[in-house]
Amino acid sequence: RESTEAANQAARDDQLMPMTYAVSWQEPNGSLGSGRLELGMDSLTLHGGNGGPAVHRAFSYSNMSALRVERASDERLGGRPTLIVDLRAGGSLRIAGVAQPGIVAELASWLAAIWPLGQKGFDGVSDH
């Protein structure tokens, strides 16, 4: 029989483990990549590359100003539904799922849920 303490520790460990997704992306400067997206405590981190050296890019949640899901426009990445993350510093990060249906909607929901509370200027999530 599992102890209550062990069950509580397992629940805490699950909450601390970052969520990861297989994605492709386009950075604000236009460079493309594919690999893994990790939702951490303070930032969204992209790990991977596109035929070149490995890249690791962190985008702080506090630097994000709006989220939107593009399902039927020229803003889609590779013709797939795309999560567009507008950045306070300018430009947008575009993220599309690689093999998991519905990943963009799931990512948008998670990002909206973990957005810093009371963040001034957050425009929310819209669906286009």
Six or more apart or on different chains, Cβ atoms under 9 Å: show the pairs whose first residue is in region 73-88 and under 14 Å from Leu32 (Cβ atoms) and among the basic types (Lys, Arg) and whose second is modelled with pLDDT under 90 and surrounded by 16 or more Cβ atoms within 10 Å (Cβ to Cβ). Arg76/Glu70
Among the strands (runs of 3 or more DSSP E) lying completely within region 27-71, list those that include at least 2 residues that are touching a residue at least 12 places away in the same chain (Cβ under 8 Å), among the polar types (S, T, N, Q) and open to solvent by less than 70 Å² (accessible area, probe 1.4 Å). 43-49
Kindly indicate the residue of region 1-26 that is open to solvent by 40 Å² or more (accessible area, probe 1.4 Å) and of a type in the set (Val, Ile, Thr) and also modelled with the lowest pLDDT among those meeting that condition. Thr4
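The values are calculated or read from the model by the stated rules, or taken from the named source; none is laboratory data. Predicted, not measured: the structure shown is a model, and the values here were computed from it. For neighbour counting, all protein chains shown are included, and Cβ atoms are generated from backbone atoms with ideal geometry for every residue, glycine included. These accessible areas exclude ligands, DNA and RNA; they are computed on the full protein's heavy atoms, side chains included. Shrake-Rupley method; radii C 1.70, N 1.55, O 1.52, S 1.80 Å.
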